[in-house]
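The values are calculated or read from the model by the stated rules, or taken from the named source; none is laboratory data. No experiment lies behind these values; they were computed from the predicted model shown. Here the Cβ positions follow ideal geometry from the backbone for every residue, glycine too, while neighbour counts run over all protein chains shown. With ligands, DNA and RNA removed, areas are computed over all heavy atoms of the protein, side chains included. Shrake-Rupley method; radii C 1.70, N 1.55, O 1.52, S 1.80 Å.
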Amino acid sequence: MLNKNQWRCLLAVGMSVLASAAVHAGEVEVLHYWTSGGEAQSVQELKAMMTARGHSWKDFTVAGGAGGNAMASLKQRVLDGNAPAAALIKGPAIQEWAELNALTNLDAMALFDKWDDFLPKVVADQMKYKGHYVAVPVNVHRVNWLWANSAVLKKAGVTVMPTNWDEFFVAADKIRAAGFVPLAHGGQDWQDFTVFETVALGVGGPEFYDKALLKLDKAAIGSDAMKKTLETFRRLKTYVDAKAPGRDWNVTTDMVIKGKAGFQFMGDWAKGEFLAAKQMPGKDFICMPAPGTANAYTYNVDSFAMFQLKSWEAQKAQGYLAYVLMGKDFQERFNLRKGSIPVHLNLNMDKFDECAKRSNVDFAATAKAGTLLPSVAHGMALSTAQQTAMRAAVNEFWNTDSMSVGQAIGRLQTLNAAVAPKLAHVAEKK
Ligand code: GAL
């Protein structure tokens, strides 16, 4: 781990490199799962900035939406005593890795670069373990979006975007009648979970979401709002095509891009795909908060946790990566492609499109109103074990038509018990 003076020296090197020519430094190996068209373009921005400064970038890419496969590979690498420099890890999982003493302390750099001054507190807190920075945030994704193909809506006679669930089903019926798939969905557990949390927020509201999905309150899970959530969620399945099972999220977004489907519920990484396909928001496609969720915001912050490394060269490259990630230049370039918004407070949003501008305004407004909520499906709230258990219950309900709403509720009510063992199997072998 670098001490304060080493960080200062590293930062001094970083600054002078910015001002002059590139120097040779270490290799930085980064675990991520950004393999779709829009994601690959976003990560390319980062690679280019690192290599321009003389660092060599090594991809440790594990395909699979939302990172399920990537996390499994990471555990194996750490068990083998061969951690990468950085890994795309989010939310409470950051704390779980820090608890195992696997991450490096970034406080000196954070102090030097004044991270606390420009990061929203809700984001900064997630990057810290016991008050110390161990990870670096790159963006804020909003999850509770509904995406639509403008031409499909027009052909189906849907003139306005639905703002509640009744309107959604009326629009979906029209789209079906016009010969399109109403709802593009990929039947993978994390995609089911993404739709589920959005429906819960839209049907039950922010307070219900907080109690049932974040606090795992048994009464809230057993409430009428949860019954209605599960019924609405199940009804959505009747608007999905038969080829949904196993389909990747970006292939699913492509159905909307190509005009085969009308709608998709997905976080705004989907916008990265529309943009990569040269589509224009407001013209070719529409972004709207999902029905009933306009006054709330489910956030998902992508962040890189930094692992402890042995060699000084490798530590230097890692430190430089952290420095670049927090720079306004990188945050702007990356987020223009990724679909998310920069994590910096008060960053100029002029170059961003209407969806991002709305996200930026709503992030601040919902933070004030107390309706800015962590996405459960994207690992922002629960322990890894709780999240895994909830995802499995939701996935089973989606796939098992014979499972009653009551049975699903019973299953969800057992979740409080699903706490340990987190990443214990890694700890045992360390
Ligand atoms: C999210 C992640 C996004 C995007 C998406 C699909 O969990 O935060 O950056 O990669 O999964 O893989």
Computed over the chain: longest principal axis from alpha-carbon atoms vs helix 189-208 long axis, angle to nearest 10 degrees, is 70 degrees
Cleavage-rule hits (trypsin sites (Lys or Arg not before Pro)) in the range 233-323: DSSP loop, at most 15 neighbouring Cβ within 10 angstrom:
K243, K258, K260, K278, K283, K310
Rounded to the nearest 10, the angle in degrees between the Cα long axis of helix 4-19 and the longest principal axis of the Cα atoms of the chain comes to 80 degrees
Could you report the range 142-243's accessible area per residue, 1.4 Å probe, as an integer in Å²?
39 Å²
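Give me the number: length gained by fully extending Q407 to N101, i.e. 0.36 nm times residue separation minus the C-alpha to C-alpha distance, one decimal in nm.
Working: separation 306, 0.36 × 306 = 110.16 nm, distance 3.97 nm.
The span from Q407 to N101 would gain 106.2 nm if fully extended.
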Just the number, please: carbon plus sulfur as a percent of the accessible area of the chain, 1.4 Å probe, no ligands or DNA/RNA counted.
53 percent
Starting from the amide H of K215, placed 1.01 Å from N in the peptide plane, find each other amide H under 5 Å away whose residue is 5 or more places distant or on another chain.
none
If you take the square roots of the eigenvalues of the alpha-carbon gyration tensor of the range 21-103 and sort them as a ≥ b ≥ c, do you get rounded (a/c under 1.5), prolate (a/b over b/c) or oblate?
oblate
Around A102, which amide H atoms from residues at least 5 apart in sequence, or from another chain, sit under 5 Å from its own amide H, with H modelled in the peptide plane?
none
Name all residues of the range 189-224 having a backbone nitrogen under 18 Å from the label point set 7 Å from the Cα of D166 along its Cα→Cβ direction, giving them as ranges.
202-205
Taking 56 Å as R0, compute the FRET efficiency from the Cβ-Cβ separation of R235 and K328 and round it to 0.05.
0.80
Loop-only trypsin sites (Lys or Arg not before Pro) in the range 53-139, please: DSSP not H, G, I, E or B, and at most 13 other Cβ atoms within 10 Å.
K114, K130
Simple spin-label estimate for D224/E313, 7 Å along Cα→Cβ, in nm, reads 6.8 nm
Estimated vicinal HN-Hα couplings, Hz - the range 130-147 in sequence order (Karplus 6.51, -1.76, 1.60; Gly, Pro = x):
6, x, 10, 5, 10, 8, 10, x, 10, 6, 10, 9, 9, 9, 7, 10, 10, 9
Please turn the phi angles of the range 285-292 into ³J(HN,Hα) values with the Karplus equation 6.51 cos²θ - 1.76 cosθ + 1.60 (θ = phi - 60°), one per residue in order, whole Hz, x for glycine and proline.
9, 10, 10, 8, x, 4, x, x
Check which residues have an amide H placed less than 5 Å from Y133's amide H, if you skip close sequence neighbours.
L106, D107
Relative contact order (%) - the chain, alpha-carbon pairs under 8 angstrom, separation at least six
26 percent
Computed lengthening from T400 to K351, 0.36 nm per intervening residue step minus Cα-Cα distance:
13.1 nm
Any idea of the accessible area per residue across the range 277-317, 1.4 Å probe, to the nearest Å²?
39 Å²
Considering all alpha-carbon pairs of the chain, what whole percent are spaced by more than 40 angstrom?
16 percent
So what are the ³J(HN,Hα) numbers for the range 387-393, from phi and the Karplus equation (6.51, -1.76, 1.60; θ = phi - 60°), rounded to whole Hz, Gly and Pro as x?
4, 4, 5, 5, 4, 5, 5
Distance from the range 63-80 to the range 187-223 (C-alpha centre basis), Å
26 Å
